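Undergrad: Structure in structure tokens, see below.
The values are calculated or read from the model by the stated rules, or taken from the named source; none is laboratory data. Everything quoted here is computed from the prediction, not taken from an experiment. Virtual Cβ from ideal backbone geometry, glycine too; neighbours counted across all protein chains shown.
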Amino acid sequence: MKKSTSRSTEELVLKVKVEPRSSKSGIEGKYGDALKIKLTSPPVEGKANKELIEILAKEFGIHKNDVKIISGRRSKNKTIRLCGVDSTYSGLEK
């Protein structure tokens, strides 16, 4: 029997405020109308963006390819699109 490969088509767009070069990485919680995320990586050669994508993919249980930076690639304020997110997700209620 063939395994189903269908994925959820739910998308979520987030505003994110990143804090690179932090002592620890992770999601801190709300920051105004955005989500604050601390990163240990420096904002050099895309290292911080790569770490941000890894953190969000792990938190939402999706592939890294399903996390896209829509705007703010070179800014601390970013807009992120997450594809394939479970519509019942409630893990960010901090």
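Undergrad: Test each condition in (1) at pLDDT below 95; (2) in contact with a strand residue (DSSP E or B) (Cβ under 8 Å, 6 or more places away or on another chain); (3) among the charged types (D, E, K, R) for ASP86 and report the one that comes out false.
TA: That leaves (2) as the condition not met.
Undergrad: Could you grab the pairs with beta carbons closer than 8 Å, sequence gap of 6+ or different chains, first residue in segment 33-52 and without any contact (Cβ under 8 Å) to a residue 40 or more places away in the chain, second one exposed (fewer than 14 other Cβ atoms within 10 Å of the Cβ) and assigned to a helix (DSSP H, G or I)?
TA: As it stands, the answer is SER41/LYS50, since those pairs meet every condition given.
Undergrad: Residue by residue through segment 26-43, note down the ones that are on the phi > 0 side of the Ramachandran plot and part of a strand (DSSP E or B).
TA: GLY26, GLY29
Undergrad: Would segment 44-52 turn up any residue that is modelled with pLDDT of 95 or more and part of a strand (DSSP E or B)?
TA: no
Undergrad: A further question follows. Hey, can you tell me all the residues within segment 40-83 that are small (Gly, Ala, Ser) and under 17 Å from SER22 (Cα atoms)?
TA: SER41, GLY46, ALA48, SER75
Undergrad: From the list LYS24, LYS30, which residue is farther than 24 Å from GLY84 by Cα, over 11 Å from the mean Cα position of the chain (by Cα), at pLDDT 95 or above and of a type outside the set (A, V, I, L, M, F, W, C)?
TA: Criteria check complete, one pass: LYS24.
Undergrad: Any residue at all in segment 33-53 that is in contact with a strand residue (DSSP E or B) (Cβ under 9 Å, 6 or more places away or on another chain) and of a type in the set (Lys, Arg)?
TA: Yes.
Undergrad: Follow-up question, since we're still on this one. Could you count how many residues in segment 6-25 are exposed (fewer than 14 other Cβ atoms within 10 Å of the Cβ) and not in a loop (DSSP other than H, G, I, E, B)?
TA: Total meeting the criteria: 2.
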